[in-house]
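To keep things clear, I will list the structure first and then write my remarks on it.
The values are calculated or read from the model by the stated rules, or taken from the named source; none is laboratory data. For clarity, every value in this text was computed on a predicted model and none was experimentally measured. Neighbour counts run over all protein chains shown; Cβ positions are idealised from the backbone, glycine included.
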Amino acid sequence: MVKVGIPRALLYYQYYPMWRRFFEGLGAEVIVSPPTTQATLASGSSRVVADTCLPVKVSCGHVLALTDKCDCIFIPALRSIKKKIYNCSKFLGLPDMTRAVIPECPPILDIDIDINKGKRRLYQAIYKLGRHFSWNPLEIRKAALAAWQAHQEYKELMVNQGLTPPRAIASISGEETTPTSPDKAAIALVGHPYLLYDELINHRLIHRLEQAGYRVLTPEMLTAQELETAITRLTGRPYWTYEEEVVGSGGHYLESGVAGVIGVVAFGCGPDSLMMDMVQRQAIKLGTTPFMSLTLEEHTAEAGVVTRLEAFLDMIQRKKRKQADICV
Ligand code: SF4
């Protein structure tokens with residue numbers, strides 16, 4: 001059985017159930033790299049130039065963790081998944097960059113996705129990927145349709161049940177997930193999934209907020225309609241794919257009555273520096289919801305994150321007390 005490696009980084013959090021169903025549908029075994037550790041980050045960082053963004057360094061570390069465990073590694077080049085809305089350049093060249101910096105890497109399955117080139121090219125790309133496992137076009141089509149179905153179910157779990165991607169993945173795998181009480185005050189986290197759900201690089205942000213008694217809301221829990229409406233309100237027409245999870249979710253949560261919004265950005269990320277700035281300006285303009293921007297990099301110390309988080313939660317509590325005094 002062919003072993004396909006999937007790095008637990010970057011697009012993993014958005015597409016893993018779909019990819020897994022596709023490869024398993026074609027008879028392959030899927031192997032996911034273990035959660036990020038300091039060693040993963042250190043090994044990835046050692047392969048790229050210093051100013052590469054943190055998530056790409058983490059991705060290289062995960063590829064290195066898979067090199068001797070699988071026959072090939074799946075690293076798609078995702079250019080565009082919506083008409084005239086583009087991904088960050090790092091995603092466009094990810095398979096080539098990985099090959100260049102990790103020469104010992106097993107063969108890379110590097111499907112090229114660009115919806116602007118039309119559906120025919122998309123189907124050809126999927127078929128080309130499936131041909132690594134089967135020569136039967138009907139079998140590839142069946143696996144692709146099942147994968148699409150898995151993706152829809154995954155998204156529904158997150159939107160309808162308010163699960164984060166790791167919890168939705170755990171739920172799909174049959175593990176028990178404890179739903180958080182809707183009565184608790186909510187704090188929204190906005191940013192890329194590979195920052196929000198990688199517990200090593202964000203120093204267990206979600207866990208810390210839940211321990212402090214808050215319900216955590218994230219971009220994946222919003223519907224496409226909610227995200228689009230918020231983006232249109234803030235920027236008009238989107239240009240970056242990731243405007244949804246930053247501008248869309250930020251804009252939405254700032255007006256949704258949550259106790260606070262935390263914007264998580266990666267140091268060295270070009271798109272983030274523009275998009276999170278828009279969210280921050282909107283927070284200042286509205287002046288209703290406390291907002292904090294948290295920049296993560298490989299040298300970000302846990303103590304620094306904890307201190308900022310405590311200060312932010314104190315601010316939320318003070319605001320709440322002040323409002324209660326006014327009501328009395
Ligand atoms: S969007 Fe930013 S953080 Fe994500 S891969 Fe691109 S540069 Fe890195």
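Per-structure values
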{"item": "Any hit, the stretch 184-195, residues being modelled with pLDDT under 95, surrounded by fewer than 19 Cβ atoms within 10 Å (Cβ to Cβ) and over 21 Å from the mean Cα position of the chain (by Cα)", "result": "yes"}
{"item": "Hey, Arg233 assigned by TED's automatic domain parsing to the domain that holds Glu199 and within 23 Å of Asp183 (Cα to Cα) or not", "result": "no"}
{"item": "Inter-residue pairs, beta-carbon under 7 Å, first at positive phi and in the stretch 196-224, second surrounded by fewer than 22 Cβ atoms within 10 Å (Cβ to Cβ), 6+ apart", "result": "His203/Glu302; His203/Val305; Gly213/Lys184"}
{"item": "Filtered residue count, the stretch 266-304, keeping only those that are in contact with a helix residue (DSSP H, G or I) (Cβ under 7 Å, 6 or more places away or on another chain), aliphatic (A, V, I, L, M) and surrounded by 14 or more Cβ atoms within 10 Å (Cβ to Cβ)", "result": "9"}
{"item": "The stretch 21-47, residues that are over 13 Å from Asp198 (Cα atoms), in a helix (DSSP H, G or I) and of a type outside the set (S, T, N, Q)", "result": "Arg21, Phe22, Phe23, Glu24, Gly25, Ala39, Ala42, Gly44"}
{"item": "Test for Cys72: is it of a type outside the set (Phe, Trp, Tyr), over 26 Å from Thr235 (Cβ atoms) and not assigned by TED's automatic domain parsing to the domain that holds Tyr197", "result": "yes"}
{"item": "Those residues of the stretch 28-79 which are within 14 Å of the ligand (Cβ to nearest atom) and of a type in the set (Ser, Thr, Tyr), in sequence order", "result": "Ser45, Thr52, Ser59"}
{"item": "Subset of the stretch 276-328 (residues that are within 27 Å of the chain's Cα centre (by Cα) and free of Cβ contacts under 8 Å to residues at least 24 places away in the same chain)", "result": "Asp277, Gln280, Arg281, Ile284, His299, Ala301, Ala303, Gly304, Thr307, Arg308, Glu310, Ala311"}
{"item": "Options Lys155, Lys90, Lys119; residue that is out of contact with any strand residue (DSSP E or B) (no Cβ under 6 Å at 6 or more places or on another chain), under 29 Å from Ala50 (Cα atoms), not assigned by TED's automatic domain parsing to the domain that holds Leu217 and not small (Gly, Ala, Ser)", "result": "Lys90"}
{"item": "Test: residue in the stretch 217-237 that is under 24 Å from Met276 (Cα atoms), surrounded by fewer than 20 Cβ atoms within 10 Å (Cβ to Cβ) and in contact with a Pro (Cβ under 9 Å, 6 or more places away or on another chain)", "result": "yes"}
{"item": "Filter result for the condition that a residue is within 16 Å of the ligand (Cβ to nearest atom) and either in a helix (DSSP H, G or I) or not assigned by TED's automatic domain parsing to the domain that holds Ala146 (or both), over Met97, Met18", "result": "Met97"}
{"item": "Any chance Tyr123 is at pLDDT below 90 and of a type in the set (Phe, Trp, Tyr)", "result": "no"}
